[in-house]
Amino acid sequence: MNNASDNLRGAVFMMLSMAGYVINDTLMKLVSGDIALAQGVFLRGLAASALLGAFAAYKGQLLHRASGPEMKIILWRAFAEIAATYCYLTALFNMPLASITAIMQSLPLAVTLAGSLFLRHKVGWRRYLAILAGFSGVLIIIRPGGEGFNAFALWGLAAVGFVTLRDIMAARLHVRTPSIFAALFTAVGVTLAAGVAAIFEPWQPVSAGSFALLTFAALFILVGYVTSISAMRYGEIAFVSPFRYTVMIWALLIGIFIFGDYPDGWTMLGIAIVIGTGIFTFYREQRQK
């Protein structure tokens with residue numbers, strides 16, 4: 001049983017994790033006007049893979065001999081991450097930061113639904129209603145057919161689908177498979193895929209400023225990864241997980257003060273519904289456990 005001090009430390013780590021992820025997104029969005037998507041992902045991936053490889057070597061988990069079925073799961077997970085990265089960054093580069101971040105907050109609902117359908121997780125009627133309400137909140141945010149509809153929001157929804165597939169594959173990994181090895185394999189896969197895609201795009205000269213932004217993006221995405229692990233190690237899941245939604249505070253503030261994006265009332269309502277149903281779904285899951 002974790003004490004109050006450990007829970008507080010876990011909550012701080014979770015908030016730092018969310019800040020790391022949002023700052024990474026912000027840096028990638030800032031550099032999107034100077035270089036193509038695949039080029040940006042490739043350069044960020046080189047730095048991220050090197051840093052993650054060094055961390056894996058430090059932990060003694062750089063190499064792992066996986067069985068055939070296990071390797072198949074790892075490959076599917078890598079494919080899902082590659083597709084999710086492309087879809088998410090396509091949406092991020094073309095719509096407000098807060099909006100795409102809010103759409104991604106429907107991920108816990110999508111994972112819960114997928115777990116019920118494909119992993120035979122028990123889900124009660126309350127959580128099914130919460131999932132339905134949460135996806136209704138997403139529709140309020142994107143408002144298909146409305147005057148402010150941004151078609152790139154559909155790329156965000158596709159990213160949710162691929163991340164859900166990634167998490168389902170992760171749930172099927174054997175307990176002996178090191179998490180860092182799977183993450184490194186995926187990071188290298190994303191980098192290689194972006195490198196191949198970059199061949200078919202005009203390669204833009206990378207200024208010192210853009211290179212610095214990409215390097216810091218790689219650093220902050222690793223900060224998000226490492227601190228999210230620390231959050232779960234120190235704090236109780238039931239206490240720490242709701243702090244995941246502080247990502248919306250960071251996204252709203254950065255969107256307003258850096259990009260000048262002011263969400264309207266409907267968007268704020270949709271964000272509130274998605275976050276509220278996500279917290280309720282997690283609460284019900286903990287009660288069932």
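Some values worked out for this structure:
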quantity	calculated
Cβ-Cβ under 7 Å pairs, at least 6 apart or on other chains, segment 170-194 side within 12 Å of Ile82 (Cβ to Cβ) and crowded, with 21+ Cβ neighbours inside 10 Å, far side at pLDDT below 75 and charged (D, E, K, R)	none
Members of segment 20-48 found to be under 28 Å from Val240 (Cα atoms) and either in contact with a strand residue (DSSP E or B) (Cβ under 6 Å, 6 or more places away or on another chain) or modelled with pLDDT of 90 or more (or both), listed by number	Gly20, Tyr21, Val22, Ile23, Asn24, Asp25, Thr26, Leu27, Met28
Which listed residue is touching a Lys or Arg at 6+ places or on another chain (Cβ under 9 Å) and of a type in the set (Lys, Arg), from Arg65, Arg77, Arg9, Arg44	Arg77
First in segment 125-136 and within 17 Å of Ala272 (Cβ to Cβ), second anywhere and modelled with pLDDT of 90 or more and surrounded by 16 or more Cβ atoms within 10 Å (Cβ to Cβ), Cβ under 6 Å, 6 or more apart	Ala130/Thr277; Ala133/Thr277; Gly134/Ser106; Gly134/Val274; Gly134/Thr277
Selection within segment 277-289 - touching a residue at least 60 places away in the same chain (Cβ under 8 Å) and of a type outside the set (Ser, Thr, Tyr)	Gly278, Phe280, Phe282, Arg284, Glu285, Gln288
Check on Leu89, out of contact with any His (no Cβ under 7 Å at 6 or more places or on another chain), closer than 19 Å to Ala187 by Cα, at pLDDT 85 or above and crowded, with 19+ Cβ neighbours inside 10 Å	yes
Whichever residue in segment 93-125 is within 12 Å of the chain's Cα centre (by Cα) and hydrophobic (A, V, I, L, M, F, W, C) and, among such residues, is surrounded by the fewest Cβ atoms within 10 Å (Cβ to Cβ)	Leu107
Qualifying residue in segment 12-30 (condition: crowded, with 22+ Cβ neighbours inside 10 Å, under 23 Å from Ala197 (Cβ atoms) and among the aliphatic types (A, V, I, L, M))	yes
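Residue-by-condition table, conditions (1) of a type outside the set (A, V, I, L, M); (2) modelled with pLDDT of 90 or more:
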| residue | (1), (2) |
| --- | --- |
| Val12 | no, yes |
| Met18 | no, yes |
| Ala57 | no, no |
| Met71 | no, no |
| Thr85 | yes, yes |
| Asn94 | yes, yes |
| Pro108 | yes, no |
| Phe118 | yes, no |
| His121 | yes, no |
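The values are calculated or read from the model by the stated rules, or taken from the named source; none is laboratory data. Note that the structure is predicted; figures quoted are calculated from it, not measured. Cβ coordinates were reconstructed from backbone atoms using ideal geometry, including for glycine residues, and neighbour counts include every protein chain displayed.
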